[in-house]
Amino acid sequence: MSLTEMLSRYGYLAVFVGSVLEGETILILAGFAAHQGYLSFPLVITLAFCGGTLGDQIFFFLGRYYGSRLLSRFPSLVSRAQSVSQLIQRYHTGLIVAVRFMYGLRIIGPLVIGMSDVPAWRFVLLNLLGAVFWAVLIAGAGYLFGQTLQWLIADFKRYEELALLLILAAAILTSLVRWLYARHR
């Protein structure tokens, strides 16, 4: 099975599952694949919106009901949780909308917000708004990357698989570096 066949077969599932967790890399790849015609751009945005919203809601309610236990189970998260707590006190509306864009806070952010006194209905509304911005901007960046490559390389179809492999390799390398950095800290 070629990479393009895998993308056509499992791409939408990867977008949704990746968006539930930290899905920027997958969403950029999906935007690029949409530009190339393998995926539908509106469907990529819709799935990313749904997955991103669902993921943050899950972490919010985990924080609401099990936050203290989770932080005691994973003490390495406490320092980031304290940073988020301080930000919530000052900027909770902006933080809820923007937390998915902040490196290292995508999962711990909603968890700590759930531990705060922010009402669930307020989080839901602001989370929906943030998910719309996130899905459109990140998938759009991948789409625009594809457009830029097409302008730079006139005969892009010949190099398409190589470009997809290079982007995938860069995504894996970026994820590995982030994981090693987080593990080192």
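The values are calculated or read from the model by the stated rules, or taken from the named source; none is laboratory data. Bear in mind that the values here come from a model prediction, so they are computed numbers and not experimental data. Heavy atoms of the whole protein, side chains included, go into the accessibility calculation; ligands, DNA and RNA do not. Shrake-Rupley method; radii C 1.70, N 1.55, O 1.52, S 1.80 Å.
Numbers below:
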quantity: Gained length - Thr93 relative to Thr46, 0.36 nm times residue gap less alpha-carbon distance; calculated: 14.6 nm
quantity: Ellipsoid semi-axes in whole angstrom, largest first, where each is sqrt(5λ) of the Cα gyration tensor of the stretch 84-185; calculated: 35, 18, 9
quantity: Angle in degrees between helix 78-98 and the longest Cα principal axis of the chain, rounded to the nearest 10; calculated: 70 degrees
quantity: Phi to ³J(HN,Hα) by Karplus 6.51 cos²θ - 1.76 cosθ + 1.60 over the stretch 120-126, Hz, x for Gly, Pro; calculated: 4, 4, 5, 4, 4, 5, 6
quantity: Å² per residue, accessible surface of the chain at 1.4 Å; calculated: 57 Å²
quantity: Solvent-accessible area, 1.4 Å probe, carbon plus sulfur percent, for the chain; calculated: 69 percent
quantity: For the chain, built as a Gaussian network whose Cα springs stay under 10 Å, the top-fluctuating residue of Ala131, Ala14, Ala139; calculated: Ala14
quantity: For the chain, built as a Gaussian network whose Cα springs stay under 10 Å, the top-fluctuating residue of Arg100, Arg73, Arg64; calculated: Arg73
quantity: Estimated vicinal HN-Hα couplings, Hz - the stretch 29-34 in sequence order (Karplus 6.51, -1.76, 1.60; Gly, Pro = x); calculated: 4, 5, x, 5, 5, 5
quantity: Accessible surface ranking that places the most exposed of Met1, Met115 first, with a 1.4 angstrom probe; calculated: Met1, Met115
quantity: Stretchable slack from Ala141 to Ser2, in nm (0.36 nm times residue separation minus alpha-carbon distance); calculated: 47.6 nm
quantity: The stretch 1-94: C-alpha gyration tensor shape, a/c 1.5 cut-off, then a/b vs b/c; calculated: prolate
quantity: Extended-chain gain in nm, criterion 0.36 nm per residue less alpha-carbon gap, Met102 and Leu21; calculated: 27.8 nm
